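Novice: Here you go, one structure.
The values are calculated or read from the model by the stated rules, or taken from the named source; none is laboratory data. None of the values given here were measured: they were computed from a predicted structure. Glycine also receives a Cβ, built like all others from the backbone with ideal geometry; neighbour counts cover every protein chain displayed. Just so you know, the surface numbers come from the protein's heavy atoms only, side chains and all, with ligands and any DNA or RNA stripped out. Shrake-Rupley method; radii C 1.70, N 1.55, O 1.52, S 1.80 Å.
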Amino acid sequence: MVREKIEIVEVGVRDGLQNDPANASTDMKLEFIDRLLEAGVRRLEAASFVNPRAVPQMADSKDVMARVPRGRGARYIGLALNARGLADAIDAKCDEVNFVVSASDGFGIRNQNADTAETVKRFGEIAEGAREAEIFCSVIVTTAFGCPFDGEISEERLLGVVGDLLDHKPDELAIADTIGVATPWDVKARMDAVQDLLASRGASVPLRLHVHNTRNTGIANVFAAVEAGVRIIDASCGGLGGCPFAPKATGNISTEDVVFMLERAGFDTGIDLDLLIKTAHWLEEALGHSVPGMVAKAGGFPANVL
Ligand code: ZN
């Protein structure tokens, strides 16, 4: 039987390490990428072209991109928040660029110095630049379920932002629970609502979910998204991560936990769980601290003992 595919976007190298206290070296990032590719990861956030003063952990993004393995089928994503970042991502030969729009004004102003309306406008320019350069361009809607500064984000507000973004024709739409406040029911309801909006606009834009496991709902939220038909999931090896602009946001849901759950359910993630677990263990050594993922602690499904 052909298994249905679910694509994992590994965000550990960027979203994960950019908030890790260990301040990973360029060599360490490249070894991390190599290990992820060995495990079967084929799409990963590798770089961020934002002001290095704001995010010093990503200041070596150009060097990382200059040395990433090519020809192994991997697609490397660079984060860009303005035209200069887009130009840098293109120069660095990123395969894709991700732009961020906050669903809340409070987070947008702190993260990008612009409210939602202004950031949507900026996305229009980025999307046009990306089309000209023929580089795949995703937009990530952050704080889509709640904001550390503005509190509740209504479904109407989220749909309004998504609707405005669709005018600029993103290649992919990611919905992000930046501070880990969503419950599975929120995820189901909002993913359904976004898909209804896409259908009503005749837009066939792939949907992607990005969750943080701050309140332990991460894996349940991935389940809810998959149940709602989402087939692209962000995760970070070991559950690394956080966000320098979201107070107390903890890591992404761990890739091993997601891969274990999805493969047991019969989906094909293309990822070798044992190699991924080994990579999580290597991360603990390399960073000098433990990682929060659960499956890396327990291992995969037990083999038969004869
Ligand atoms: Zn994140």
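Novice: What is the count of Lys pairs in region 7-298 whose alpha carbons sit under 17 Å apart, if the two are 8 or more places apart or on different chains? Walk me through the numbers before you get to the answer.
Specialist: Numbers: LYS29/LYS62; LYS29/LYS278; LYS62/LYS93; LYS121/LYS169; LYS278/LYS297.
Lysine pairs meeting both conditions in region 7-298 amount to 5.
Novice: What number, in percent, do you get for the relative contact order of region 100-216 if the mean sequence gap of Cα pairs under 8 Å and at least 6 apart is divided by its residue count?
Specialist: Relative contact order here is 26 percent.
Novice: In deg cm²/dmol, rounded to 500, what helix-only [θ] at 222 nm does the chain give when every DSSP H run of at least 4 residues adds -39500 (n - 2.57) and the total is split over its residues?
Specialist: The helix contribution divided over the chain gives -12000 deg cm²/dmol.
Novice: Roll a 1.4 Å probe over the protein chains and send me the accessible area per residue for region 57-119 in Å².
Specialist: For region 57-119, the solvent-accessible area averages 41 Å² per residue.
Novice: Another question, if that's okay. Taking the Cα centre of the chain as the origin and placing charges on Cβ (Lys, Arg +1; Asp, Glu -1), which of LEU81, ASN304, LEU165 is farthest toward the positive end of the dipole?
Specialist: ASN304
Novice: Among PHE149, PHE123, PHE260, which one moves the most in a GNM of the chain with springs linking Cα atoms closer than 10 Å?
Specialist: Answer for the Gaussian network model of the chain: PHE149.
Novice: For the residue pair ASN23 and ASN51, what label-to-label distance in nm results when each label sits 7 Å from Cα along the Cα-to-beta-carbon direction?
Specialist: Each label point lies 7 Å from its Cα, and together they span 2.0 nm.
Novice: Measure out, as a whole number of angstrom, how far apart the alpha-carbon centroids of region 125-177 and region 3-60 sit.
Specialist: The distance from the Cα centre of region 125-177 to that of region 3-60 comes to 21 Å.
Novice: Separate question: Between GLN195 and LYS278, what is the label-to-label distance in nm when each label sits 7 Å out along the Cα-to-Cβ direction?
Specialist: Reported label-point gap for GLN195 and LYS278 is 3.7 nm.
Novice: Also, I was wondering about something else. In sequence order, what are the phi-derived ³J(HN,Hα) couplings for region 139-151 according to the Karplus relation 6.51 cos²θ - 1.76 cosθ + 1.60 with θ = phi - 60°, rounded to whole Hz, with x for glycine and proline?
Specialist: So the J values, rounded to whole Hz, are 10, 10, 8, 8, 6, 6, 10, x, 10, x, 10, 9, x.
Novice: Most mobile of GLY270, GLY71, GLY151 per a Gaussian network model of the chain (Cα springs, under 10 Å)?
Specialist: Result for the chain, Cα springs under 10 Å: GLY71 fluctuates most.
Novice: Run the accessible area of the chain with a 1.4 Å probe and give the carbon-and-sulfur part as a rounded percent.
Specialist: 51 percent
Novice: With a sphere of radius 12 Å drawn around the Cβ of GLU263, what net charge do the other residues whose Cβ falls strictly inside it have (Lys, Arg +1; Asp, Glu -1)?
Specialist: Charge balance in the 12 Å sphere: -3.
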